[in-house]
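Visitor: A single structure is presented below for examination.
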Protein chains: 4
Amino acid sequence: MSIPEKMKAACLVAKGKIEVKEVVVPKPGPGEVLLRVEACGVCGTDVEIRDHGLPGQPLFGEHFIMGHEYAGTVVELGEGVDEFNVGERVAVEVHKGCGRCYNCIMGNYTVCLNYGNKEKGHAAGGMTVDGGFAEYTVNHVNTLYRIPDNISFDYATLATTAGCALYAFNIFGGYVAGDTIVVIGPGPVGLTLVQVGRGLGADNVVLVGTRKSRLEVGRKVGADYVVNVKEKEDPIDIVKKITNGFGAHVVFDAAGTSSSLETALDLAIAGGKIVMVAFYKDPVTVNMSKAVKKQIQLYTVRGEGRRNVGRALSIMAQGKIDLSPLITHSFPLEEIDKAFDTFVNRVDNAIKVVIHPQG
Amino acid sequence: MSIPEKMKAACLVAKGKIEVKEVVVPKPGPGEVLLRVEACGVCGTDVEIRDHGLPGQPLFGEHFIMGHEYAGTVVELGEGVDEFNVGERVAVEVHKGCGRCYNCIMGNYTVCLNYGNKEKGHAAGGMTVDGGFAEYTVNHVNTLYRIPDNISFDYATLATTAGCALYAFNIFGGYVAGDTIVVIGPGPVGLTLVQVGRGLGADNVVLVGTRKSRLEVGRKVGADYVVNVKEKEDPIDIVKKITNGFGAHVVFDAAGTSSSLETALDLAIAGGKIVMVAFYKDPVTVNMSKAVKKQIQLYTVRGEGRRNVGRALSIMAQGKIDLSPLITHSFPLEEIDKAFDTFVNRVDNAIKVVIHPQG
Amino acid sequence: MSIPEKMKAACLVAKGKIEVKEVVVPKPGPGEVLLRVEACGVCGTDVEIRDHGLPGQPLFGEHFIMGHEYAGTVVELGEGVDEFNVGERVAVEVHKGCGRCYNCIMGNYTVCLNYGNKEKGHAAGGMTVDGGFAEYTVNHVNTLYRIPDNISFDYATLATTAGCALYAFNIFGGYVAGDTIVVIGPGPVGLTLVQVGRGLGADNVVLVGTRKSRLEVGRKVGADYVVNVKEKEDPIDIVKKITNGFGAHVVFDAAGTSSSLETALDLAIAGGKIVMVAFYKDPVTVNMSKAVKKQIQLYTVRGEGRRNVGRALSIMAQGKIDLSPLITHSFPLEEIDKAFDTFVNRVDNAIKVVIHPQG
Amino acid sequence: MSIPEKMKAACLVAKGKIEVKEVVVPKPGPGEVLLRVEACGVCGTDVEIRDHGLPGQPLFGEHFIMGHEYAGTVVELGEGVDEFNVGERVAVEVHKGCGRCYNCIMGNYTVCLNYGNKEKGHAAGGMTVDGGFAEYTVNHVNTLYRIPDNISFDYATLATTAGCALYAFNIFGGYVAGDTIVVIGPGPVGLTLVQVGRGLGADNVVLVGTRKSRLEVGRKVGADYVVNVKEKEDPIDIVKKITNGFGAHVVFDAAGTSSSLETALDLAIAGGKIVMVAFYKDPVTVNMSKAVKKQIQLYTVRGEGRRNVGRALSIMAQGKIDLSPLITHSFPLEEIDKAFDTFVNRVDNAIKVVIHPQG
């Protein structure tokens, strides 16, 4: 495969401003590969990065290339790479840990203590180093996963989202066959959690939200019960009824508000679990004594750690989860501003928007 | 529902001899219910009990009623029971722990330290107390699980088998989405493990055995690869090929021989897991240093503990596993000898044989 | 040992009013023993019960006997008891689960789903059934632990407190050798956590509080660092210094306020753990996004579950923890009001006050 | 600190033959430091390496320097190292994983799938790369731990042994306060396990062996019971007596024979744990059905993984374990042959022999 010297890339040239420019195609270093990017999803975090920058991250200058949900073809191997071959189709995970802090050595690389420190080996593609809104990009082998044959590049861009959802199960053990699960917040993560819960054999999956259209999507992708709190439906009543009065084994808070966390505390069975999968924008005010009295454990996850992107691609290929309906729009790299706009403003009911850097 | 005073029951009147007799219908004590038994499976353990008795169990006299894989209808509630209602359809698990030994208090009731001690509260239906080869039987609420509507009584008798298989996943965590799994031994337990592995999202499931017909069943129920060691197929070659040379994450030894355990040690990836789910009739001779060098953890399970019968019924109802083809024959109670014969001698390719005590 | 028919007992005759009366000595039922109570501690919960009653508990009438931290001598065995002999010295734990709800069957009896339901078998001595402020009381064998020879009855009354502290380690695994631990709140539970941390091999134990005298006790019982936030000492500075800037592996919130929980979120290392061991009187307001960003897991415990009272007695006997200085006062049963008063008002710097029902 | 260009090193010049030679002082690469080695222990594995080589390891040529239990002073920092300063005293662990295989990414670096592959980043000091029998050596920061002030260099060489013992607890959870523990095999590892068990609060520690002198050492370092099977003492009798007939919670097989593993299966309580910490030279023959019937889990560990060397140094400094009596002899580098001889032939009751490369 012949690799050009220059490529098109969408560079974050200033706060809030992306520009498609011609830049030099990067070279893979030891342990790295060069990818031809075939598809790269637009994520809420990208909007954050473009408009505000993420706290704790390096200043983004003229040459920073965003995009962390991508898939492509291996076109060149860096020194010492034999894990992959040229021509293979791969999806990525964001986080490559430094490999030398306490957390990385122990396998918890998404909370690398050298986050953002390139010199020490940390790299988060599209966040702290260049990512996928470009024709080519470089990834360390640690962040690569082969794409099963029946998964398209577009669909493979959802492997990180699915990996996050799987990690949110993994963190508390992940064995939920026959359990009752509640997901609060029918956003992309919440809808994916519903599917993963179903895929792993949860008995009842209850989805709680406020937006009718999203709850309907939830029902389609596998929620047994949907509860619209805007319409005075009471999730506590419903969960109690389903569980003989006891509550859900696991409640995911994918909404990230005081009210959603308080509801989670009410819905969980004594001895149950809550997983907090949303960022809480504001301080939350909750009756935490409910957690203590009911001996509820509260879990969190950062990113898509512990190889769950690989697990995600597997259950996507098996058909245990089907997130493909989430991809609603695609654009060439040149139209990246339109892509962001479509995503942010939910134009045409957009859910997931994908960029095709190869045109 | 009117309950008669007398009922038909298949009594183990002497070693090796079952006789269908008229006996008194038992009364449920506190915390117990009376069940009208609708179906009760014949299990290899029943043959053991009939012909030899199980070590550590009480002597079986004239009135002992075997049968531990049954399902029926609640017809009477003992004192204090409000967990179930008359008329509900339920399946059972074998083990009711004493509730007062270290293991039971800690939730490990299948290894109750007062096993077989009725006075202290232990009961294993069909093993240490009367079971399901009768028109009626008594069960403690701890051993009962509601049967989902789309599960027949016949099918519900397989909940214990499926519960054992699930427990064999539960014991090491049970989170296998995307993992490579090997099952050695395509008996009923092995075939169920294959299905559960698939049901929980394992990426590759390899079934290793020696009998062609059973391996074909294995392929039908979800094994991605079947390996017939009788035909010189080498499981090590195959697993290495699938796993880029590394080995399987989890290997189940459902064959129970030196050779199967040695193979398990060879097939597991360094850092992987082996679950021993078969009784080893003879002492095994294995190179255990392989386990130490590869840091392999070896797990075991006894029975269908930690509420996995409930989990089993759920994933059966969800269609995640389909064991119904395993049920090949049924007989009325009067023909129990023929039922045992059919089961033991695999008459007409019998796999699972069910007794219908109600005729 | 001759057992009288009548005994003295401190009865909660009305809200806020305890009266020492002569009542009938209870008889142990199946699985129970009769204890001659030698010592029974006064706990904050007793004050709660006396003055307000605990939510979810039965109405307390004339004959209710409080006291849940007691130790005594087995004087009579109920039917079927062979786990203990008459004459043995035993300490108790509060919670006897029903043995038939989901949580009890799974070994989580302190969050019994039939809490307070005597008919179903639940009993919390001194909380939902009669306890230890009496000459005699009845306990189920599940709640009894032999007292090692070198532990006095008085000291054995602290086994529940120590059991709670151990459970707070057990809940997240309990393996802390070499870890840095912070305890916020130097009350009896906090001080015990400091000792247990030291006893289990934590490398650094930091105690954070506001009261100088208690912090000094903390230093005596093993805290490597004490931080008085009232005196503008900043726990974050200190913990960062100790941990090369990273934070503590485990932070216990034994203070139970918004501020203590927020501090816990600040002190924990990314990937670390927080254990909430206090009841939060009011709703807490915290920046929960810190937990999500740092992937902090938040644990809770209810009571002294999973046989940790037995573990507590063992490490007390081994001298790994020494709580005996906490016992500052003792009174005969007749002076129970004075005992409560001494405890509540910290008369003479009282920490733990013990009742001696035998005089 | 001035660093010479040449140094003395004990090179394995041929199978079975060590020669002290002058070689070039190595340079630390990125992420590495140069250590001045102050003390390096002689281990059984060194004898293996010298006389046979370890399977799976690279051929050892003229310049290979053994020694994997060492401690020294940081004298030079490689590129990008800020975790340590020149002048700091450090101990080492053997295993630096590749950082890019499945096991390393998941935190299980002692079973690195690229074991021995230097190009991919794996290094096991003194096993696959040069180690500590030299005046200077190079280590990656991942393998370094600060030595607490009250620990000498000599004593710090035991951190790997202690780290192995701790890892053997860590693998099954490590929470043993109040538990009954049996260690079979009173070698250095077994004796260390006894101490760690005591250090972590085990209630009873039973040591089983055949050599009287070693059992006496065991008693001195904390074994509550020692059982000499050569003198017809029956460990089963003794453990049953201690545990009311039930068995030990955890049994460590540090002897590595069929007989020791069979004994372990007999000694463990139903539901208990066995940890296999010895290499089994020959195939073992055991009644594995005992494990299945009693639901015993069998664990293994390879090396001193998951940062347990750091935990070890901490509990050594705390005085929770005291292994210093194990160090019986020391020699300058020039006398390395004598040191090996003393160790191998237990000259003067040698247990641990240490080399002082600085003379």
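Visitor: For region C:287-306, indicate whether the set of residues that are within 19 Å of C:G218 (Cα to Cα) and not in a strand (DSSP E or B) is non-empty. Break it down stepwise before answering.
Guide: Let us first name the residues in region C:287-306 that are within 19 Å of C:G218 (Cα to Cα), namely none.
The answer is no, given that none of the residues of region C:287-306 is within 19 Å of C:G218 (Cα to Cα) and not in a strand (DSSP E or B).
Visitor: Another question, then. So if I check each of C:H122, C:H63, which one is surrounded by 23 or more Cβ atoms within 10 Å (Cβ to Cβ), at negative phi and out of contact with any Pro (no Cβ under 9 Å at 6 or more places or on another chain)?
Guide: Values: C:H63 fails: surrounded by 23 or more Cβ atoms within 10 Å (Cβ to Cβ).
Result of the check over C:H122, C:H63: C:H122.
Visitor: Select from region D:327-344 the residues that are part of a helix (DSSP H, G or I) and of a type in the set (V, I, T) and write down the one among them that is farthest from D:K220 (Cα to Cα).
Guide: Initial filter on region D:327-344 (part of a helix (DSSP H, G or I)): D:333-344.
When the remaining residues are screened for being of a type in the set (V, I, T), the result is D:336, D:342, D:344.
Values: D:I336: 30, D:T342: 23, D:V344: 23 Å.
Across region D:327-344, the extreme among qualifying residues is D:I336.
Visitor: Also, quick follow-up: Just checking, which of D:N85, D:N114 is of a type outside the set (A, V, I, L, M, F, W, C), touching a His at 6+ places or on another chain (Cβ under 7 Å) and surrounded by fewer than 22 Cβ atoms within 10 Å (Cβ to Cβ)?
Guide: Working: D:N85 fails: touching a His at 6+ places or on another chain (Cβ under 7 Å).
Unique residue meeting the criteria: D:N114.
Visitor: Then there is this: Mind checking whether some residue in region A:309-325 is hydrophobic (A, V, I, L, M, F, W, C), out of contact with any helix residue (DSSP H, G or I) (no Cβ under 8 Å at 6 or more places or on another chain) and modelled with pLDDT of 95 or more?
Guide: Restricting attention to region A:309-325, the residues satisfying the condition of being hydrophobic (A, V, I, L, M, F, W, C) are A:309, A:312-313, A:315-317, A:321, A:323.
Still in the list and also out of contact with any helix residue (DSSP H, G or I) (no Cβ under 8 Å at 6 or more places or on another chain): A:317.
This time we only want the ones that are modelled with pLDDT of 95 or more, so: A:317.
Yes; the residues of region A:309-325 include at least one that is hydrophobic (A, V, I, L, M, F, W, C), out of contact with any helix residue (DSSP H, G or I) (no Cβ under 8 Å at 6 or more places or on another chain) and modelled with pLDDT of 95 or more.
Visitor: Picking from C:T342, C:T300, C:T328, which residue would you name as being within 24 Å of the chain's Cα centre (by Cα) and surrounded by fewer than 17 Cβ atoms within 10 Å (Cβ to Cβ)? Explain how you work it out, then say what you get.
Guide: Working: C:T342 fails: surrounded by fewer than 17 Cβ atoms within 10 Å (Cβ to Cβ); C:T300 fails: surrounded by fewer than 17 Cβ atoms within 10 Å (Cβ to Cβ).
On inspection, the qualifying residue turns out to be C:T328.
Visitor: Applying the selection to region B:13-28, what residues are at pLDDT below 95 and in contact with a Gly (Cβ under 8 Å, 6 or more places away or on another chain)?
Guide: B:K15 - this is the single residue of region B:13-28 that is at pLDDT below 95 and in contact with a Gly (Cβ under 8 Å, 6 or more places away or on another chain).
Visitor: Also, quick follow-up: Count, please, the residues in region B:9-37 that happen to be farther than 24 Å from B:L158 by Cβ, basic (K, R) and surrounded by 14 or more Cβ atoms within 10 Å (Cβ to Cβ).
Guide: Number of matching residues: 1.
Visitor: Further question on the same structure: So which pairs qualify, if the first residue must be in region D:288-310 and more than 7 Å from every other protein chain (Cβ to nearest Cβ), the second must be of a type outside the set (D, E) and in a strand (DSSP E or B), the Cβ gap must be under 6 Å, and the two must be at least 6 apart or on different chains?
Guide: Close Cβ pairs (under 6 Å, with a partner that is of a type outside the set (D, E) and in a strand (DSSP E or B)) amount to D:G303/D:H95; D:V309/D:Y145.
Visitor: Report, by residue number, each residue of region A:307-326 that is in a helix (DSSP H, G or I) and within 15 Å of B:A202 (Cβ to Cβ).
Guide: Those that are in a helix (DSSP H, G or I) and within 15 Å of B:A202 (Cβ to Cβ): A:N308, A:G310, A:R311, A:A312, A:L313, A:S314, A:I315, A:M316, A:A317, A:Q318.
Visitor: Answer yes or no as to whether C:V251 is under 27 Å from A:E304 (Cα atoms), in contact with a strand residue (DSSP E or B) (Cβ under 7 Å, 6 or more places away or on another chain), away from chain D (no Cβ under 14 Å) and touching a residue at least 40 places away in the same chain (Cβ under 8 Å).
Guide: Details: under 27 Å from A:E304 (Cα atoms): yes; in contact with a strand residue (DSSP E or B) (Cβ under 7 Å, 6 or more places away or on another chain): yes; away from chain D (no Cβ under 14 Å): yes; touching a residue at least 40 places away in the same chain (Cβ under 8 Å): yes.
Considered against the rule, which asks whether it is under 27 Å from A:E304 (Cα atoms), in contact with a strand residue (DSSP E or B) (Cβ under 7 Å, 6 or more places away or on another chain), away from chain D (no Cβ under 14 Å) and touching a residue at least 40 places away in the same chain (Cβ under 8 Å), C:V251 comes out as yes.
Visitor: Can you tell me which residue within region A:345-359, out of those that are assigned to a loop (DSSP other than H, G, I, E, B) and free of Cβ contacts under 8 Å to residues at least 60 places away in the same chain, is surrounded by the most Cβ atoms within 10 Å (Cβ to Cβ)?
Guide: Narrowing region A:345-359 to residues assigned to a loop (DSSP other than H, G, I, E, B): A:345-346, A:350-351, A:357-359.
After this cut, where a residue has to be free of Cβ contacts under 8 Å to residues at least 60 places away in the same chain as well, the list is A:345-346, A:350, A:359.
On the way: A:N345: 9, A:R346: 12, A:A350: 18, A:G359: 8.
Across region A:345-359, the extreme among qualifying residues is A:A350.
Visitor: Right, here's the next one. Tell me, which residue of region D:88-98 that is assigned to a loop (DSSP other than H, G, I, E, B), more than 9 Å from chain A (Cβ to nearest Cβ) and not hydrophobic (A, V, I, L, M, F, W, C) is surrounded by the most Cβ atoms within 10 Å (Cβ to Cβ)?
Guide: D:E93
Visitor: Considering only region B:198-212, I want to know if a residue exists there that is closer than 23 Å to B:I315 by Cα, touching a Cys at 6+ places or on another chain (Cβ under 7 Å) and away from chain A (no Cβ under 14 Å). Can you show your working first?
Guide: Taking region B:198-212 as the starting set, the residues that turn out to be closer than 23 Å to B:I315 by Cα are B:198-207.
Remaining after also requiring touching a Cys at 6+ places or on another chain (Cβ under 7 Å): none.
No: zero hits.
Visitor: State the number of residues belonging to region D:270-285 that are facing chain B (nearest Cβ under 7 Å), surrounded by fewer than 22 Cβ atoms within 10 Å (Cβ to Cβ) and out of contact with any Gly (no Cβ under 8 Å at 6 or more places or on another chain).
Guide: Residues flagged as facing chain B (nearest Cβ under 7 Å), surrounded by fewer than 22 Cβ atoms within 10 Å (Cβ to Cβ) and out of contact with any Gly (no Cβ under 8 Å at 6 or more places or on another chain) within region D:270-285 amount to 2.
Visitor: What are the residues in region C:99-128 that are within 9 Å of chain B (Cβ to nearest Cβ), in a loop (DSSP other than H, G, I, E, B) and hydrophobic (A, V, I, L, M, F, W, C), if any?
Guide: C:C101, C:M106
Visitor: OK, next. Output the residue which, of all residues in region A:129-149 that are within 19 Å of the chain's Cα centre (by Cα) and over 26 Å from A:I315 (Cβ atoms), is farthest from the other protein chains (Cβ to nearest Cβ).
Guide: A:F133
Visitor: Follow-up question, since we're still on this one. Tell me, please, whether a residue that is within 22 Å of B:Q297 (Cβ to Cβ) and at pLDDT 95 or above can be found in region D:203-216. Let's see the steps before the verdict.
Guide: Of the residues in region D:203-216, the ones within 22 Å of B:Q297 (Cβ to Cβ) are none.
No, region D:203-216 contains no residue that is within 22 Å of B:Q297 (Cβ to Cβ) and at pLDDT 95 or above.
Visitor: Quick check on this structure: which one of A:C40, A:C101 is without any contact (Cβ under 8 Å) to a residue 24 or more places away in the chain and crowded, with 24+ Cβ neighbours inside 10 Å?
Guide: On the way: A:C40 fails: without any contact (Cβ under 8 Å) to a residue 24 or more places away in the chain.
Just one listed residue meets the conditions, A:C101.
Visitor: Just give me the residues in region B:223-248 being out of contact with any strand residue (DSSP E or B) (no Cβ under 7 Å at 6 or more places or on another chain) and not charged (D, E, K, R), in sequence order. First the steps, then the outcome.
Guide: At the first step, the residues of region B:223-248 found to be out of contact with any strand residue (DSSP E or B) (no Cβ under 7 Å at 6 or more places or on another chain) are B:230-232, B:234, B:236-237, B:240-241, B:244-245.
Result: B:I236, B:N244, B:G245.
The values are calculated or read from the model by the stated rules, or taken from the named source; none is laboratory data. Predicted model only: the values in this text are computed from it and were never measured. Cβ atoms come from the backbone with ideal geometry, glycine included; neighbour counts cover every protein chain shown.
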